[in-house]
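The structure follows.
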Amino acid sequence: MPDLSEQYWTDPQGRRVCYAEYGDPAGLPLFFFHGWPSSRLQGRILDEEAKRLGLRVISSDRPGLGRSDFAGKRTLAGWADTISGLADHVGAESFRVLGVSGGGPYALACAAWLPERIHRVAIVCGAPPLGDIPDHSDLLWAYRWLLRVRKRMPWLMEGVMNGARKISHMPVDRPPLKWLLQTIPEEDRRAVESAGGYDTFFNSFREGIRQGGRGAVADADVYLDPWELDFSTIQVPVVFWHGGLDRNIPIRMAKELAARIPSAETRWFDNEGHYSLPLHRLREILEDLRGKPAETEKE
């Protein structure tokens with residue numbers, strides 16, 4: 001069977017976009033957008049359920065992450081153009097979109113700028129437009145620290161990301177990684193450990209910044225810059241999934257964003273966290289995206 005974890009498409013500017021495929025090769029197309037900083041390999045967590053539901057998962061590295069070429073300063077609108085071209089390349093005339101955490105804004109970009117091609121969008125523990133939110137006090141401490149560094153010492157960010165990659169290779173049962181993992185809420189730790197441990201997350205993270213920190217920094221800047229996206233015009237069905245125990249991105253930010261989108265549906269879970277929700281609720285999320293058999297037969 002061919003290895004589908006490293007495939008390439010070249011965009012009109014001559015830059016290569018690397019993507020992986022999971023699930024059912026003959027299934028309904030679903031584009032998966034990974035978190036930050038991560039890579040296409042994060043899509044592997046969908047593989048088993050996607051096969052069961054007949055979904056073909058296309059999971060791509062964003063520019064400068066993983067094995068996709070660096071593209072300098074980017075916008076969300078530019079990402080929608082990239083996905084439109086990649087969808088043509090893989091033969092997906094229409095598709096569904098799932099964005100997890102830092103992939104959430106990119107999923108919303110597709111809902112806004114590719115409405116004629118998209119059936120349904122899921123935003124799972126998604127990142128909000130941080131530049132529009134004055135109060136970051138309940139954001140994850142590491143994100144608050146990085147925001148301060150980016151604002152006051154922007155030149156330091158690449159080095160921070162490169163240092164994080166080195167730390168991710170250290171044993172999880174020894175400092176400093178042991179200390180960092182202890183800051184993850186208990187519900188999230190239990191979910192990750194019961195799903196097989198941290199290997200999938202760390203492998204995807206390491207792959208994400210294999211080119212160095214500049215790709216991750218450029219990706220993060222997209223969250224901070226004006227999104228130039230009119231949320232009130234989004235008509236594609238968008239479903240927000242978020243946990244009340246999320247310590248990375250507080251649920252109040254997700255609720256504020258969902259309230260700005262007329263087509264939004266919401267799934268709030270009081271006892272789920274940032275990592276536990278996508279692991280515990282993956283089947284529900286994919287079933288909701290796929291739709292009922294009667295709906296998919298029309299496509």
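None of the figures in this text is laboratory data; all of them are computed from the coordinates on show. Here the structure is a predicted model, which means the values were calculated and not measured. Here the Cβ positions follow ideal geometry from the backbone for every residue, glycine too, while neighbour counts run over all protein chains shown.
Out of G196, G159, which single residue is surrounded by fewer than 18 Cβ atoms within 10 Å (Cβ to Cβ), of a type in the set (G, A, S) and free of Cβ contacts under 8 Å to residues at least 24 places away in the same chain?
Working: G159 fails: free of Cβ contacts under 8 Å to residues at least 24 places away in the same chain.
After ruling out the rest, the residue left standing is G196.
Can I ask one more? Return the residue satisfying two criteria in turn: it lies in the stretch 22-48 and is surrounded by fewer than 21 Cβ atoms within 10 Å (Cβ to Cβ) and either closer than 24 Å to F202 by Cβ or of a type in the set (V, I, T) (or both), and of such residues it is nearest to the chain's Cα centre (by Cα).
R44
To continue, here is another question. Taking the condition within 19 Å of P37 (Cα to Cα) and among the aliphatic types (A, V, I, L, M), does L229 pass? Write out each step before concluding.
Numbers: within 19 Å of P37 (Cα to Cα): no; among the aliphatic types (A, V, I, L, M): yes.
No: the conditions fail for L229.
Could you check the stretch 135-151 and list, in sequence order, the residues that are over 21 Å from the mean Cα position of the chain (by Cα) and outside any helix (DSSP H, G or I)?
D135, S137
Now for a separate question. Give me the pairs, please: first residue somewhere in the stretch 81-102 and part of a strand (DSSP E or B), second residue anywhere and buried (at least 23 other Cβ atoms within 10 Å of the Cβ) and aromatic (F, W, Y), beta-carbon distance under 6 Å, and either six or more positions apart or on two chains.
F95/F31; V97/F31; L98/F32; G99/F33; G99/Y106
Let me ask something else about it. What is the number of the single condition among (1) of a type outside the set (A, V, I, L, M); (2) farther than 30 Å from F70 by Cβ; (3) free of Cβ contacts under 8 Å to residues at least 60 places away in the same chain that G273 does not meet?
In the conditions (1) of a type outside the set (A, V, I, L, M); (2) farther than 30 Å from F70 by Cβ; (3) free of Cβ contacts under 8 Å to residues at least 60 places away in the same chain, G273 misses (3) alone.
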